[in-house]
Amino acid sequence: MADPIDVLEQEAVAALEAAGDPDALEAWRIEFLGSKGRLKAMMSTMRDLGPEERPVFGERMNRVKESLQAAFKQRSTASADAIPPMDVTEPGTTSDLGQRHVLTRTIDEVVDVFGRMGFSVEEGPEVEDEWHNFVALNIPEHHPAREPAENFFLGNGNMLRSQTSTVQIRVMEHAPPPLKIITCGRVYRPDTHDATHYSMFHQVEGLCIDRNITMIDLKTVLFQFARACFGPEAEVRMRPSFFPFTEPSAEVDMKMKIKGRWQWVELGGCGMVDPNVLEAVNIDPEEWSGYAFGLGIERIAMRRHGIADIRWLYENDERFLRQF
Ligand code: FA5
């Protein structure tokens, strides 16, 4: 019968040779040299031996243990040496940084253009009351714009604002004229989603109240904006229209080059602030007059960057967003 100490040693040596990586080496150490390992287990059989056999057994076991420890140490050092040294000339891994959304950037650009024309920036709440969204804007109770199907009503006279024109009222309530402000923000309408409509979108609203303001001032500002935003050849056209809070009112179209062809694109509405609106906020329409405009920011971003479908702006597909 083979000597059990010899068998254990041979097995340990063979297993150590087969251990090819640091994990396998550690597993080998635990199996053979660990506190609950096979060497410890065999050592404990010493108590079954007679008094003369014990010292011989103990001495052999110690020799095997020392030789296995030395072999283990040598293997571990060789394994560590086998790890290739770090190549400091290799390019590092770049971390995947995010970037600002194309709409956020468009808002910043719009604010910058109007800022250079002397407009300051105001903000207003997205949850509004019907006074600011309709009544003060000269939109009477049975006007179609107040239909439940056209708005997100929240109960208790509150709603998600359907236009940034609410901020006109909030500003005029608190600050006396002269005023020259813009506001950019989200508005909400239960419109069916398609390539040009979304139920939540952004508008930039402008308001200027001063003495002797005319439509020429309004058109000049829109014209300067068009040129800054869509290039030095862009044009502005006003088509007669109706908004309850401006009189006269107009749709704002801007002429720009799209895929090499000149096209008129509707971007928003504008007009001279209706005297009823000024009276609602206690501003004397005999002394003060002004203009207001509201443009769709998604439409501006889409035209600036050739984006064919508004829904892409909200799908959060990184392949789309990283293009800008
Ligand atoms: C208004 O909202 C008026 N408050 C604009 C205004 C302000 C007129 C001040 C006069 C004085 P309108 O509903 O047309 O107007 O919307 C203005 C622009 O918002 C549109 O021309 C379009 O660019 C954008 N818009 C409207 N509905 C949507 C929608 N569902 N999705 C994306 N953009 C939209």
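The values are calculated or read from the model by the stated rules, or taken from the named source; none is laboratory data. Since the model is a prediction, treat every value here as computed from it, not as a measurement. Cβ atoms come from the backbone with ideal geometry, glycine included; neighbour counts cover every protein chain shown. When the accessible area is computed, the model is the full protein with side chains, heavy atoms only, and any ligands, DNA or RNA have been set aside. Shrake-Rupley method; radii C 1.70, N 1.55, O 1.52, S 1.80 Å.
Within region 192-202, identify whether any single residue is in a strand (DSSP E or B), modelled with pLDDT of 95 or more and closer than 20 Å to residue 113 by Cβ, and answer yes or no. Looking through region 192-202, at least one residue is in a strand (DSSP E or B), modelled with pLDDT of 95 or more and closer than 20 Å to residue 113 by Cβ. Based on this model, can you work out whether residue 115 counts as part of a loop (DSSP other than H, G, I, E, B) and either of a type outside the set (A, V, I, L, M) or open to solvent by 70 Å² or more (accessible area, probe 1.4 Å) (or both)? No.
Condition check ((1) within 14 Å of the ligand (Cβ to nearest atom); (2) touching a Leu at 6+ places or on another chain (Cβ under 9 Å); (3) at positive phi) across all residues:
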site: 137; (1), (2), (3): yes, no, no
site: 140; (1), (2), (3): no, no, no
site: 149; (1), (2), (3): yes, no, no
site: 175; (1), (2), (3): no, no, no
site: 191; (1), (2), (3): yes, no, no
site: 195; (1), (2), (3): yes, no, no
site: 216; (1), (2), (3): no, no, no
site: 237; (1), (2), (3): yes, no, no
site: 245; (1), (2), (3): yes, yes, no
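Could you list all residues from region 203-221 that are in a strand (DSSP E or B) and either open to solvent by less than 20 Å² (accessible area, probe 1.4 Å) or of a type in the set (S, T, N, Q) (or both)?
Going residue by residue through region 203-221, those that are in a strand (DSSP E or B) are 203-210.
Of everything in region 203-221, those that are in a strand (DSSP E or B) and either open to solvent by less than 20 Å² (accessible area, probe 1.4 Å) or of a type in the set (S, T, N, Q) (or both) turn out to be 203, 204, 205, 206, 207, 208, 209.
Of all residues in region 280-301, none satisfies the criterion of being hydrophobic (A, V, I, L, M, F, W, C) and free of Cβ contacts under 8 Å to residues at least 24 places away in the same chain. Out of 99, 163, 168, one residue alone is in contact with a helix residue (DSSP H, G or I) (Cβ under 8 Å, 6 or more places away or on another chain), open to solvent by 50 Å² or more (accessible area, probe 1.4 Å) and not β-branched (Val, Ile, Thr). It is 99.
Given the criteria out of contact with any Leu (no Cβ under 9 Å at 6 or more places or on another chain) and either within 14 Å of the ligand (Cβ to nearest atom) or at pLDDT 95 or above (or both), does residue 206 qualify? Quick ask: steps written out before the conclusion?
On the way: out of contact with any Leu (no Cβ under 9 Å at 6 or more places or on another chain): no; either within 14 Å of the ligand (Cβ to nearest atom) or at pLDDT 95 or above (or both): yes.
No: the conditions fail for residue 206.
The residues of region 118-156 that are outside any loop (DSSP other than H, G, I, E, B), touching a helix residue (DSSP H, G or I) at 6+ places or on another chain (Cβ under 7 Å) and in contact (Cβ under 8 Å) with a residue 60 or more places away in the chain, listed by number, are 121, 136, 137.
Taking into account only those residues within region 10-37 that are open to solvent by 70 Å² or more (accessible area, probe 1.4 Å) and aliphatic (A, V, I, L, M), which is farthest from the chain's Cα centre (by Cα)? Across region 10-37, the extreme among qualifying residues is 18.
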